[in-house]
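J.: One structure, as structure tokens, below. Some questions next.
None of the figures in this text is laboratory data; all of them are computed from the coordinates on show. All of these numbers come straight from a predicted model, not from anything done at the bench. Virtual Cβ from ideal backbone geometry, glycine too; neighbours counted across all protein chains shown.
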Amino acid sequence: MGKREELLCLLGGTLRRAFESAGINYETLEEIYIKTGQPVLLQMNGREWYLEKNGTLGIASEMEKKIGLEAVLRPIPTDLTTIVEYACNYSIYAHTQEIRQGFLTVKGGHRIGVAGEVILQDGKIMGMRTISFLTIRVAHAVIGCGDRVLPYLVHQGKVYNTLILSPPGFGKTTLLRDCIRQISDGSSYCDGKKVAVVDERSEIAACFQGVPQHSVGLRTIVLDGCPKDRGLMMLIRSMSPQVIAADEIGSEEEMNAIRYAMNCGCKLLCTMHAGCMEEVIQKPAIKELVEEQTFARFVFLRRQGRQHFYEIYNEKMIRCEKND
Amino acid sequence: MVFSAALGIGMRWVAELKNRLVQMGYLEKALTFLLSEISYENSSVPESLIKIGTRFPNSFGEQLIEMGEELLEKNGGRLEEIWIHYMDKISKQLKLKGYEAEEILQLGTVLGSADKKLQTDAIQGGLQMLREALKDENSKLDGKQKVSITLSIAGGFMTIILLI
């Protein structure tokens with residue numbers, strides 16, 4: 001099943017028909033924004049596009065300025081309900097935990113961000129009453145995107161504790177995934193290592209019914225949907241990994257788990273939201289780890305259009321490489 | 001000959017009744033499995049139906065599998081519609097009475113929703129109804145068996161008398 005089929009089978013009725021007839025390049029499609037009563041917006045080829053009722057695509061900026069938005073497709077509430085039902089395999093009760101966290105992972109590793117009216121009980125999020133905003137992030141495994149970075153993360157067959165940093169949507173998880181795959185399978189820089197992944201939000205391996213939808217390597221073990229702090233401990237105790245990977249670290253509990261993992265002889269590959277080093281050290285939880293020189297490599301991701309650039313620093317914050 | 005034929009009709013009637021009880025037993029088991037799949041395994045409805053269907057090596061099981069597969073295809077249908085379509089066929093095969101069939105069809109309106117308790121309660125309601133119906137039919141079976149044989153014999157005699 002290709003990306004087209006994986007995405008089309010999430011849509012019902014009018015939306016599906018419009019998507020079927022639209023000339024969408026699913027390889028360059030990044031995100032689909034669906035809101036009740038608002039135009040369907042696609043992020044594709046580095047541009048924004050509106051989907052029209054007749055199933056054609058129009059460049060968003062041009063339509064807004066010149067043509068107007070009368071012809072654009074505006075979903076009705078049932079269109080969004082159908083997407084959620086399909087994404088949950090007609091079983092919303094089995095995905096309440098994910099909905100509470102604001103996302104659903106579907107076959108192919110695509111992620112549906114959900115937002116709407118939150119149901120609160122005693123200050124805790126119990127679910128969502130009316131889901132009126134959906135963002136479908138199309139999964140693209142970029143095999144080999146870690147090639148330029150990996151030589152700086154591995155030295156004499158040993159992996160450095162590494163933190164990958166960028167603002168959201170710059171490809172941190174994609175880079176982390178490929179590094180995991182190469183370290184697990186082995187490459188010219190190191191032999192294959194046992195890698196354990198705590199995939200709290202099912203983004204790295206994108207497990208669907210327990211099966212990773214992305215290639216994460218032969219020696220990789222995935223603990224899916226588990227909170228990172230507890231997952232790290234579990235994996236160290238039960239799986240004896242050489243390298244542990246986790247996405248979007250940040251809480252105090254996670255930092256403690258990271259310290260514990262390092263004291264157990266495991267190497268770490270992690271990602272975090274941050275645009276620059278100043279933003280990193282403003283986060284109290286991570287500041288200490290940076291000062292303690294826990295991470296030996298910091299990889300900053302930059303992006304211009306579809307081009308990615310990397311800046312790699314060592315533990316003393318001396319730049320190792322700039323790839324531009 | 002007339003006597004034997006009348007007896008045969010009576011016996012067939014009883015066999016049909018027994019068959020209905022067996023079929024209702026399948027449905028009762030299937031609902032029990034569904035309850036377990038949803039409440040303990042947290043499995044999705046389509047996966048549960050396929051899994052349960054494989055436990056019944058007959059047309060009943062095949063239809064459950066077919067329903068599960070149709071749901072997985074996500075061809076635009078809603079769970080309620082697909083459930084009603086298949087369960088209507090199954091209810092007719094099982095010769096469920098009007099209110100029994102209605103209770104089973106109504107399950108389609110709650111299955112798959114976010115409220116797990118609502119679903120498990122609805123399934124339990126359906127199960128209770130089926131269990132009561134089974135108990136009732138079972139208790140009547142012996143009596144019906146005797147009545148059918150007696151009526152068959154009486155019918156046979158009556159036919160002979162008429163023929164004479």
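J.: At a Förster radius of 41 Å, what calculated FRET efficiency corresponds to the Cβ-Cβ distance of A:ARG4 and A:GLN156, to the nearest 0.05? Walk me through the numbers on the way to the answer.
T.: On the way: r = 45 Å, r/R0 = 1.09.
Here the calculated transfer efficiency is 0.40.
J.: Between A:LEU120 and B:ASN138, what FRET efficiency follows from the Cβ-Cβ distance if R0 is 41 Å, with the result rounded to 0.05? Before the final figure, lay out each step's value.
T.: Values: r = 49 Å, r/R0 = 1.21.
Taking R0 as 41 Å, the efficiency between A:LEU120 and B:ASN138 is 0.25.
J.: Continuing with the same structure: In whole Å, what are the Cα extents of the stretch A:209-256 along the three principal axes, biggest one first?
T.: That works out to 30, 21, 16 Å along the principal axes.
J.: In the stretch B:10-148, with Lys and Arg counted as +1 and Asp and Glu as -1 at Cβ, which of these residues, B:GLN119, B:LEU17, B:GLY98, has the Cα nearest the positive end of the dipole, that is, farthest along it?
T.: B:LEU17
J.: Only four residue types carry charge here, +1 at the Cβ of Lys and Arg and -1 at the Cβ of Asp and Glu. Report the dipole size of the stretch A:250-309 about the Cα centre in Debye, rounded to the nearest 20.
T.: 460 debye
J.: On to the next question. Could you work out how far the C-alpha centroid of the stretch A:201-244 sits from that of the stretch A:79-124, in angstrom?
T.: 22 Å
J.: Just the C-alpha atoms of the stretch A:239-324: what Rg/Rh do they give, with Rh taken as the Kirkwood radius? Don't skip to the end; give the middle numbers.
T.: Details: Rg = 13.6 Å, Rh = 13.9 Å.
Using Cα coordinates only, the ratio equals 0.98.
J.: Under a plain spin-label model, where a point goes 7 Å from the Cα along Cα-to-Cβ, how far apart in nm are A:GLN97 and A:SER188?
T.: 4.2 nm
J.: Using a simple spin-label model with points 7 Å from Cα along the Cα→Cβ vector, what separation in nm is obtained for A:GLU252 and A:LYS35?
T.: Placing both labels 7 Å along Cα→Cβ, they lie 3.7 nm apart.
J.: Let me ask something additional. Rank A:THR162, A:THR220, A:ILE119 by how far each Cα sits towards the positive end of the charge dipole of chain A (+1 on Lys, Arg Cβ; -1 on Asp, Glu Cβ) and give me just the farthest.
T.: A:THR220
J.: Could you give the size of the charge dipole of the stretch A:115-257 about its Cα centre, using +1 on the Cβ of each K and R and -1 on the Cβ of each D and E, expressed in debye and rounded to the nearest 20? Don't jump to the answer; show the numbers that get you there.
T.: On the way: 15 positive and 16 negative charges, 64 e Å.
For the stretch A:115-257, the charge dipole is close to 300 debye.
J.: So what's the back-of-envelope 222 nm ellipticity for chain B, counting only DSSP H runs of four-plus at -39500 (n - 2.57) apiece and dividing by all residues, rounded to 500?
T.: Details: 6 runs with 131 residues, N = 164.
Taking each H run of at least 4 residues, the total per residue is -28000 deg cm²/dmol.
J.: Convert 37 °C to kelvin, take the viscosity as 0.692 mPa s, use the Kirkwood radius over C-alpha pairs of the stretch A:159-268 as Rh, and evaluate the Stokes-Einstein diffusion coefficient in µm²/s, rounded to a whole number.
T.: Values: Rh = 13.8 Å.
Translational diffusion coefficient: 238 µm²/s.
J.: Quick one, can you get me the convex hull of the C-alpha atoms of the protein assembly as shown expressed as volume per residue in Å³? Provide the component values of the computation, followed by the final result.
T.: Numbers: hull volume 98.4 nm³, N = 488.
In the protein assembly as shown, the Cα convex hull volume per residue is 202 Å³.
J.: Ignoring solvent entirely, what values of log10 I(q)/I(0) come out of the Debye formula for chain B at 0.08, 0.12, 0.17 Å⁻¹ when each Cα is a single scatterer?
T.: Once normalised to I(0) and log-transformed, intensities are -0.33, -0.60, -0.96.
J.: For the stretch B:100-157 and the stretch A:1-33, what is the centre-to-centre distance using only Cα atoms, to the nearest Å?
T.: 45 Å
J.: For labels at B:VAL22 and A:GLU278 in the simple 7 Å Cα→Cβ model, what's the distance in nm?
T.: Each label point lies 7 Å from its Cα, and together they span 8.0 nm.
J.: Can you report the principal axis dimensions of the stretch A:51-137 using only the alpha carbons, biggest first, rounded to whole angstrom?
T.: 49, 30, 20
J.: Hey, got the dipole for the stretch A:218-282? About the Cα centre, +1 on K and R Cβ, -1 on D and E Cβ, debye to the nearest 20? Working shown, then result.
T.: Details: 6 positive and 9 negative charges, 99 e Å.
For this selection, approximately 480 debye.
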